[in-house]
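Shown next, in structure tokens, is the structure this report addresses.
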């Protein structure tokens, strides 16, 4: 399922929402996937406002971004 959402973002150029577990925290991010090779995803991150690298094993969930239902796109979880 996550792979389908990542491919959707690549094919459409539209953002997706991911729940991502980094080194020290879990965050909700709105990203536009630019490329995906193996376990490495290069994407524009709206939280950091720059291109970032994400790892597929850190993506806990991914959905097509919907601004109608997105309350606080860049949240941190503890």
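A simple spin-label model places the labels of residue 48 and residue 26 2.0 nm from each other, with each point 7 Å out along Cα-to-Cβ. Considering Cα pairs under 8 angstrom that are at least six residues apart, work out the relative contact order of the chain and quote it in whole percent. Relative contact order for the chain comes out at 34 percent. Based on DSSP H segments of at least four residues, each scored -39500 (n - 2.57), the chain has a per-residue ellipticity at 222 nm of -4500 deg cm²/dmol. D by Stokes-Einstein for the chain, Kirkwood Rh over Cα pairs, 37 °C, 0.692 mPa s: 267 µm²/s. Multiplying the residue separation of residue 34 and residue 57 by 0.36 nm and subtracting their alpha-carbon distance yields 6.5 nm.
Here, each number is a calculation from the coordinates, and none is a lab measurement. None of the values given here were measured: they were computed from a predicted structure. Positions of Cβ are backbone-derived with ideal geometry, glycine not excepted, and every protein chain shown enters the neighbour counts.
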